[in-house]
Structure formats: C-alpha cells, structure tokens
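Here is the structure we will look at, set down as structure tokens.
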Amino acid sequence: MILHRRGGISSSFASSLLLSLLFSGVPAGAGIVLDEQFNGPAIDPSWVVSTSSAYVSSDVRIDQGRLYVDRITPTHYGPDGGFAYASVTFTRSFTELDDFTAELDLSYRQSSAAYMQRSQIVVTDASGFVLGGLFFEDGWANPADAAGSGYWTLFANGNIFTYSSGRLGTSNWNRDLSLVFSRTGSSFNALINGGIQVNGAISTSRAAKVAITFGFYAYNGNVGFGQSVPGPQWVDRVRITGTVPEPGTLRAMALGLLGLARMRRSRR
C-alpha cells in the first residue's frame, strides 16, 4: 500500500481497490443459493453432522431423493424426568441473505403410539439465532401444547410463534409437512402444508445456515404401551432463495477514496 506523507492515499491504490471490488466476483441480486434434493449416492460433505449427548448411533441413508434417518439409538431409556432425548443434526451454511425464502419438506412414519420422535428444520443466522422453521412430533410429547394435542410448532424470530391443535398426515401417526417461509425486510410469512398461513415481525439478521434435526425420546414411563421406539424420518427438499447483499458500501468507499486521492494530487 502506498501512502503520502500525511496519511493520504494514492490514486493508484484507490483505483486498484475500486477495481477489485467491482470485479471480485462477489455475488449480488436474487437467486437460488441452495437447492438440495438429496439425489446423490451419499450425503453432500457440505452438511456438517452433530449429535446430542444422549445419541449413540443412527441409520442414515440417501434413497430416492430423500435423506433418511431410519433409527436412532439412545444412551438409555427412562421415565418422566429421566428419559434421554437422542438427536442427530445436519447443518449447512450458504451465502448470507437479507430477504429470503426457504422451501422445506419433512416426513416421518409411525405404526403405533409407542413411537415418540421429533423432526425439525430451521433457518438461522451465522450465530445460530433461529429466524424461522418448523418442528413436529407426538402431540402428548409437545412442550408447546398444554392440551397435549399439537403436532407442529412454528419457530419465528428466535421463539415458538404458534402451534397446531390437530393431526397432520394420512393417519394418526404419519406426518408429512411442508413449509414455505419468507422474510421481506422485518416481516415474515409462513405457509404450512399449502393452507395454513402465519405472518409477523422478524429480525433482519442475515440468513446464513439451515439445520435439520431428527430426534427420538427414549421413554419407558407409560404403562399403556411400554417402551417408546424410533421410526423412519426423512427430508425431501431444502431450497433457499434470496437477495445476496450488494457490496455497495465498500464500492462507495472506494469511489470516495479515489476522489480524495485525485483532489490531493491536483493541489500539489
């Protein structure tokens, strides 16, 4: 970097800075930043896998455009206050976005009330703050629902925003859930299963990650059906579109520096 004696900046440096910002390849404008359809033979290594402390193992596979977790093995089973929640999370980062739309599809299958599991997908900022997302699970295990009949819960702006009071899916224990979650400025709109619409205020923190979590409650405190069991869970699609921030501030700064350098040069 070339400096004048009194802290000024050379026109050659300012010109180089401006050119680097204009032609650096920084993406801008609206478009698809992540379109994961799980079509490969194995999960993309861009997904980072993490697990809860109560997790031992799980059966994970890619099949027919889906990411499956067929079975989760916990460290132990227990009654109320002592059962384990074993979970596996798949997290992927993407280009940070201001306004964005997330299209997300989740499912799980159960054959009886003995299944006790949870599927969740959320969009967060770089720090992990949840901007929007959804989870669903057995109604009697749903902490958001005092009546014990809720099956999905909407996250928005870091909190539980609302939750259902009725069953989803083709049978009492089958769940198929889709979410289209959009943010424009400081407002969000959520469309659940194509028919339930929710909106409200939201943080303007940039979206940066998506996280998919499959969980299992290892419970043996219900004499009616005995020990809980895990079943298959999967995600079909994760599609994120949005507006990539323009590097306009930096470009304006470079233009200002170039103008200042030329002014100083003309006075000499």
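Of the strands (runs of 3 or more DSSP E) contained entirely in region 42-109, those carrying at least 1 residues that are in contact with a strand residue (DSSP E or B) (Cβ under 8 Å, 6 or more places away or on another chain) and crowded, with 18+ Cβ neighbours inside 10 Å fall at 55-63, 66-74, 84-97, 100-108.
Listed here are the residues, each with its yes/no results for (1) exposed (fewer than 14 other Cβ atoms within 10 Å of the Cβ); (2) modelled with pLDDT of 95 or more; (3) not small (Gly, Ala, Ser).
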{"site": "Phe136", "(1), (2), (3)": "no, no, yes"}
{"site": "Asn142", "(1), (2), (3)": "no, no, yes"}
{"site": "Ala146", "(1), (2), (3)": "yes, no, no"}
{"site": "Leu168", "(1), (2), (3)": "no, no, yes"}
{"site": "Asn172", "(1), (2), (3)": "yes, no, yes"}
{"site": "Arg183", "(1), (2), (3)": "no, yes, yes"}
{"site": "Ile192", "(1), (2), (3)": "no, no, yes"}
{"site": "Asn199", "(1), (2), (3)": "yes, no, yes"}
{"site": "Val210", "(1), (2), (3)": "no, yes, yes"}
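Entry remark, region 221-261: residues being modelled with pLDDT of 85 or more and either part of a loop (DSSP other than H, G, I, E, B) or not hydroxyl-bearing (Ser, Thr, Tyr) (or both) number 10 in total. Which residue out of Ser107, Ser93 is within 28 Å of Phe181 (Cα to Cα) and modelled with pLDDT under 95? None of the other options fit; the residue is Ser107.
The values are calculated or read from the model by the stated rules, or taken from the named source; none is laboratory data. This one's a predicted model, so the numbers in the text were calculated from it and none came from an experiment. Note: ideal-geometry Cβ built from the backbone for every residue, glycine included; neighbour counts use all protein chains shown.
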